[in-house]
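Asker: My structure is below; once you've seen it, I'll send some questions.
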Amino acid sequence: MKRAAKRKEPDQKRIAALVRELLVELGEDPEREGLKKTPERVAKAFAYLTRGYRQNVKAVVNGAYFTSGTNHMVILKNIELYSMCEHHMLPFYGTCAIGYISKGKVLGVSKLARIVDMYARRLQIQERLTEQIADAIMDEAEAEGVGVVVRAKHLCMMMRGVEKQNSEMVTSAVLGSFRSDEKVRGEFLSLVNG
Ligand code: ZN
């Protein structure tokens, strides 16, 4: 994937104009009271929901580590996650569980959640989101291994198409010792599923 060095803020006026066009095309009257401010609201919401494009891991983590002598497994579960699928631009939401073993560099808990947020606030597919979170933690914590499990419900599946309201998609990414060492992976999965 090509990555722009630094993405500029979206032009909210232009987005609002496009949303207005969309409303007309959908058969709505953008001048009616309830919709008058909708284009601006949507533009603002989209800027917020895609703000992850304008963030990077280094700035998000901002050097917030502490050092630890023991390299045991750190687990953070039930991190709320809200993202948007890139195929339909509809939300998917759920939870993320992260486990990693650091070689001495431990990330603050809030930083793990912020890394999740940074990648979730982009147009995503769940598989890539899961991998990006794992890669970022592997790099930032200089971990010997990382595991990430994301469970999410996709509104594009629930509201349209197959309309499977209770289906949940589960994706995982395992790196380093979490991939190579069956015992480590087993410990991670039992802690995450327990
Ligand atoms: Zn979708």
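The values are calculated or read from the model by the stated rules, or taken from the named source; none is laboratory data. Small disclaimer: the values here were computed from a predicted structure and weren't measured. All Cβ positions, even for glycine, are placed from backbone atoms using ideal geometry, and neighbour counts span all protein chains on display.
Asker: Out of all the residues in the stretch 147-167, is one or more in a strand (DSSP E or B), on the phi < 0 side of the Ramachandran plot, within 10 Å of the chain's Cα centre (by Cα) and surrounded by fewer than 23 Cβ atoms within 10 Å (Cβ to Cβ)?
Answerer: no
Asker: Using the structure shown, decide if ALA173 is touching a residue at least 24 places away in the same chain (Cβ under 8 Å), within 14 Å of the ligand (Cβ to nearest atom), in a strand (DSSP E or B) and aliphatic (A, V, I, L, M).
Answerer: On the way: touching a residue at least 24 places away in the same chain (Cβ under 8 Å): yes; within 14 Å of the ligand (Cβ to nearest atom): no; in a strand (DSSP E or B): yes; aliphatic (A, V, I, L, M): yes.
Against the criterion (touching a residue at least 24 places away in the same chain (Cβ under 8 Å), within 14 Å of the ligand (Cβ to nearest atom), in a strand (DSSP E or B) and aliphatic (A, V, I, L, M)), ALA173 does not qualify.
Asker: Of the residues LEU23, LEU49, which single one is surrounded by 15 or more Cβ atoms within 10 Å (Cβ to Cβ) and either within 16 Å of the ligand (Cβ to nearest atom) or closer than 30 Å to SER167 by Cβ (or both)?
Answerer: One residue alone meets the criteria, LEU49.
Asker: Scan LEU175, LEU123, LEU112 and give me the residue that is surrounded by 21 or more Cβ atoms within 10 Å (Cβ to Cβ) and of a type outside the set (Asp, Glu).
Answerer: Answer to the selection: LEU112.
Conditions (1) in contact with a His (Cβ under 9 Å, 6 or more places away or on another chain); (2) assigned by TED's automatic domain parsing to the domain that holds ILE125, marked per residue:
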| position | (1), (2) |
| --- | --- |
| GLU40 | no, no |
| ALA64 | no, yes |
| GLY69 | no, yes |
| CYS85 | yes, yes |
| HIS88 | yes, yes |
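Asker: Okay, next question. State the number of residues belonging to the stretch 109-146 that are in a loop (DSSP other than H, G, I, E, B) and at pLDDT 95 or above.
Answerer: Within the stretch 109-146, residues that are in a loop (DSSP other than H, G, I, E, B) and at pLDDT 95 or above number 3.
Asker: A further question on this structure: Just give me the residues in the stretch 68-85 being under 26 Å from LEU123 (Cβ atoms) and surrounded by fewer than 13 Cβ atoms within 10 Å (Cβ to Cβ), in sequence order.
Answerer: Answer for the stretch 68-85, where residues must be under 26 Å from LEU123 (Cβ atoms) and surrounded by fewer than 13 Cβ atoms within 10 Å (Cβ to Cβ): ASN78, GLU80.
Asker: Would you tally the residues in the stretch 77-108 being more than 9 Å from the ligand (Cβ to nearest atom) and either touching a Leu at 6+ places or on another chain (Cβ under 9 Å) or part of a strand (DSSP E or B) (or both)?
Answerer: The qualifying residues number 21.
Asker: If we scan the stretch 57-67, do we find a residue that is within 16 Å of the ligand (Cβ to nearest atom), surrounded by 16 or more Cβ atoms within 10 Å (Cβ to Cβ) and either not β-branched (Val, Ile, Thr) or not in a strand (DSSP E or B) (or both)? I'd like the intermediate steps shown before the answer.
Answerer: Within the stretch 57-67, the first condition is being within 16 Å of the ligand (Cβ to nearest atom), and the residues that meet it are none.
Within the stretch 57-67, none of the residues are within 16 Å of the ligand (Cβ to nearest atom), surrounded by 16 or more Cβ atoms within 10 Å (Cβ to Cβ) and either not β-branched (Val, Ile, Thr) or not in a strand (DSSP E or B) (or both).
Asker: Would the stretch 51-58 turn up any residue that is free of Cβ contacts under 8 Å to residues at least 60 places away in the same chain and in contact with a strand residue (DSSP E or B) (Cβ under 6 Å, 6 or more places away or on another chain)?
Answerer: Within the stretch 51-58, not a single residue is free of Cβ contacts under 8 Å to residues at least 60 places away in the same chain and in contact with a strand residue (DSSP E or B) (Cβ under 6 Å, 6 or more places away or on another chain).
Asker: How many residues does the stretch 109-153 contain that are more than 12 Å from LEU81 (Cβ to Cβ), within 16 Å of the ligand (Cβ to nearest atom) and of a type outside the set (Lys, Arg)?
Answerer: Number of matching residues: 3.
Asker: Can I ask one more? Looking for whichever is touching a residue at least 40 places away in the same chain (Cβ under 8 Å) and of a type outside the set (Ser, Thr, Tyr) here; the options are VAL109, VAL149. Which one fits?
Answerer: Residue meeting the stated conditions: VAL149.
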